[in-house]
Structures are given as C-alpha cells and as structure tokens.
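Visitor: Let me give you the structure first, and then I'll get to my questions.
The values are calculated or read from the model by the stated rules, or taken from the named source; none is laboratory data. Please read these numbers as outputs of a predicted model, since none were measured by experiment. Quick reminder, even Gly has a Cβ in these numbers, built from the backbone with ideal geometry, and neighbours come from all protein chains shown.
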Amino acid sequence: MASTENFVLITGGTSGIGLELAKLFARDGHNLVIVARSEDELRDTATDLQNQFGVQVIQIARDLMETNAPFELYEEVKSQGLTIDILVNNAGQGQYGEFINTDIEREIAIIQLNVTSVVVLTKLFLKEMVARNTGKILNVTSVAGKVPGPLQSVYHGTKAFAHSFTEAIRSELKDTGITVTSLLPGATDTDFFKKADMLDAKNVKEGSLADPADVAKDGYEALMKGDDMVVSGFKNKVQVAMSNIAPDRFVAGMVQKQQEPVNENQR
C-alpha cells in the first residue's frame, strides 16, 4: 500500500528551480506532490523522478493563477489522505514593461499566483503543521523583493510581500517546531523571462544567469538547517547589501538601467 506520509509539496515543480528542488528532495528519499498547469509535463517529470530516485510522486494539475485553485489543491491533497511535511511555494511569474502599458488582467493573475496562492497554501498547510508541531515551509521569493523594480513593478512588489510575509510568520512560529525559510534568487536561467516577455532586457541578454540547480541547492540547505533566509549568489548578496543602505530612488534608477531593453526602440 502506498504511503500517505512524509510528502513534500512543490508548486511549479516541473521546471527551473522547482524541478531542481524536487530532485534534491527525492535524492534524500522524500515523497513528492508536484503541482503545475500541464498534465503532460507533470506526467513526464513524475516518471523521471520515480525512475531515478524510487520515490512516490503524486501529480496535481492546477493553475494557481485561478482564484479557487489553491483551495482546490488543498482539498485534493486532503482527499488523498496525504500528510505534507514540507511546503515549497515556488511557482511565480512576472510581466515586463512600463506599468502604464502592461496588461492589468495579467497583473491581477500574477498577484493571484505570487501572493494570494502563497498565502492560502501557507495558511491551510501551516495549521496542520502547527497541530503536529513539526514542518517546514520554503517560500521562493527573490532579490527583486528587496529592491524597487521599474519595468517589473508588479513582480517586484509581489516578491517584497512574499519575503516580508515569510519573515513575519517565521517570528510568530519561533516557539514551535515549524521553520519558515525565504529563498532569494537573482536572475536565473529558467523560462521565467520568456513568460514575462523579457528576453530583450539588458540583464537577461547581456548578464550572466544563475544555474537553477545552484539556486535550489542554496535553498534546500537553508531550509534543512532551519535558516530564516538565504540570498543565492555573491552578486545578489552585494546587491541586497547595497539596497539596505542606498536610498530607494537611487536603487530604483540602478535597477531600471539593468532591466531596460538592449534595443530602446522595443520599449
């Protein structure tokens, strides 16, 4: 009979940082619940992980940009009798461009994914963890949450929320057996920039993108140690340190220069 205990739930678990995290958990014997929109990608990923690591991999297809999806995801997990020991809120998207020109409907969907679904899933699974007095949560935030982000204003705002939210509930839980960790990657070689229509941005086209496997390793190790946060990558640590002492208007200007299109006529 299949086990219903010791599962790690990972949103956005079929590509990028989420997939690399799934590999690390599976390598260490954790059963997985992976969540993504594409049933085909879920099936292929689950097959690969099961064959390579011999763990159980439950697939749940949900679009967390939809209002009811995080509640439906929780109910699906409960209906299967699964115990989630570790929750990884990894799924996230952005949109590139000046705020006056971007699509408000897409921005609302991004807020739903990056903020609302994180809050809902954290609350629902955290209540169970508190009842057991054990559990871990990893929220994949971003160095974007530490700096104002012209040309990605909504994305940076959502990640600022996610990081602040993570630090706040971590403090509330300090006398329990639950830890909450914030992983802050910088620009990473995933499909994020394609989905955000950001492939012509200077920091994408001319910059060096981090390996998602390295980012995942940083987050995994910090989570397992119970750290409150980890900034992945030396350059990102420097940027965050600078943002802590420089005026926001200066930081915003610097970020705008980094994120402007290489061809200004494309703005």
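Visitor: Keeping to region 117-135, report how many residues are surrounded by fewer than 18 Cβ atoms within 10 Å (Cβ to Cβ) and out of contact with any Gly (no Cβ under 7 Å at 6 or more places or on another chain). So that I can check it myself, show each step before the final result.
Guide: Step one: of region 117-135, the residues surrounded by fewer than 18 Cβ atoms within 10 Å (Cβ to Cβ) are 119, 123, 127-128, 130-134.
After this cut, where a residue has to be out of contact with any Gly (no Cβ under 7 Å at 6 or more places or on another chain) as well, the list is 119, 123, 127-128, 130-132.
So the answer is 7.
Visitor: I've got another one for you. Which ones in region 251-267 are in a helix (DSSP H, G or I) and either at pLDDT 70 or above or surrounded by 13 or more Cβ atoms within 10 Å (Cβ to Cβ) (or both)? Working first, answer last.
Guide: The first filter runs over region 251-267 and keeps only residues in a helix (DSSP H, G or I), leaving 251-259, 264-266.
Across region 251-267, the qualifying residues are Val251, Ala252, Gly253, Met254, Val255, Gln256, Lys257, Gln258, Gln259.
Visitor: Sticking with this structure for a sec: For region 215-234, give me each residue that is in a helix (DSSP H, G or I) and surrounded by fewer than 15 Cβ atoms within 10 Å (Cβ to Cβ). Reasoning before the result, please.
Guide: Within region 215-234, the first condition is being in a helix (DSSP H, G or I), and the residues that meet it are 215-225, 234.
Answer for region 215-234, where residues must be in a helix (DSSP H, G or I) and surrounded by fewer than 15 Cβ atoms within 10 Å (Cβ to Cβ): Glu221, Lys225, Phe234.
Visitor: Take the residues in region 60-83 that are of a type in the set (A, V, I, L, M, F, W, C) and in a helix (DSSP H, G or I), then tell me which one is surrounded by the fewest Cβ atoms within 10 Å (Cβ to Cβ). Step through it out loud before you land on a result.
Guide: The first filter runs over region 60-83 and keeps only residues of a type in the set (A, V, I, L, M, F, W, C), leaving 60-61, 64-65, 69, 71, 73, 77, 82.
Retained after the next criterion (residues that are in a helix (DSSP H, G or I)): 69, 71, 73, 77.
Working: Ala69: 21, Phe71: 14, Leu73: 23, Val77: 22.
Going through the qualifying residues, I end up with Phe71.
Visitor: I've got another one for you. Residues Gln50, Gln59: which one is farther than 22 Å from Met224 by Cβ, modelled with pLDDT of 95 or more, out of contact with any Asp or Glu (no Cβ under 9 Å at 6 or more places or on another chain) and polar (S, T, N, Q)? Don't jump to the end; show me each part of the working.
Guide: Details: Gln59 fails: out of contact with any Asp or Glu (no Cβ under 9 Å at 6 or more places or on another chain).
Just one listed residue meets the conditions, Gln50.
Visitor: In addition: Considering only helices (runs of 4 or more DSSP H) fully contained in region 84-197, which possess at least 1 residues that are at pLDDT 95 or above, of a type outside the set (S, T, N, Q) and out of contact with any strand residue (DSSP E or B) (no Cβ under 8 Å at 6 or more places or on another chain)?
Guide: Working: elements: 104-111, 117-132, 153-172, 192-195.
Fully inside region 84-197 and qualifying: 104-111, 117-132, 153-172.
Visitor: Could you please let me know if Ile17 is in contact with a strand residue (DSSP E or B) (Cβ under 7 Å, 6 or more places away or on another chain), modelled with pLDDT of 95 or more and not in a helix (DSSP H, G or I)?
Guide: It is false that Ile17 is in contact with a strand residue (DSSP E or B) (Cβ under 7 Å, 6 or more places away or on another chain), modelled with pLDDT of 95 or more and not in a helix (DSSP H, G or I).
Visitor: Considering (1) touching a Leu at 6+ places or on another chain (Cβ under 7 Å); (2) over 27 Å from Ser38 (Cβ atoms); (3) crowded, with 22+ Cβ neighbours inside 10 Å, say which one Glu98 fails and leave the rest.
Guide: Condition (3) is where Glu98 drops out.
Visitor: May I pose another question? Within region 20-42, track down each residue that is outside any helix (DSSP H, G or I) and either at pLDDT below 95 or of a type outside the set (A, V, I, L, M, F, W, C) (or both). Spell out how you get there, then give the answer.
Guide: Filtering region 20-42 for residues outside any helix (DSSP H, G or I) gives 28-38.
Answer for region 20-42, where residues must be outside any helix (DSSP H, G or I) and either at pLDDT below 95 or of a type outside the set (A, V, I, L, M, F, W, C) (or both): Asp28, Gly29, His30, Asn31, Arg37, Ser38.
Visitor: Of the residues Leu151, Leu184, Leu138, only one is more than 22 Å from Asp218 (Cβ to Cβ), touching a helix residue (DSSP H, G or I) at 6+ places or on another chain (Cβ under 9 Å), crowded, with 20+ Cβ neighbours inside 10 Å and not small (Gly, Ala, Ser); which?
Guide: Details: Leu184 fails: more than 22 Å from Asp218 (Cβ to Cβ); Leu138 fails: more than 22 Å from Asp218 (Cβ to Cβ).
Within the list Leu151, Leu184, Leu138, the selection yields Leu151.
Visitor: Something else now. Looking at region 165-176 only, could you name the residues that are out of contact with any helix residue (DSSP H, G or I) (no Cβ under 8 Å at 6 or more places or on another chain) and either more than 22 Å from Ser232 (Cβ to Cβ) or surrounded by fewer than 23 Cβ atoms within 10 Å (Cβ to Cβ) (or both)? Walk me through it before giving the result.
Guide: So in region 165-176, the residues out of contact with any helix residue (DSSP H, G or I) (no Cβ under 8 Å at 6 or more places or on another chain) come out as 166-168, 170-172, 174-175.
Residues satisfying the conditions are Glu167, Ala168, Arg170, Ser171, Glu172, Lys174, Asp175.
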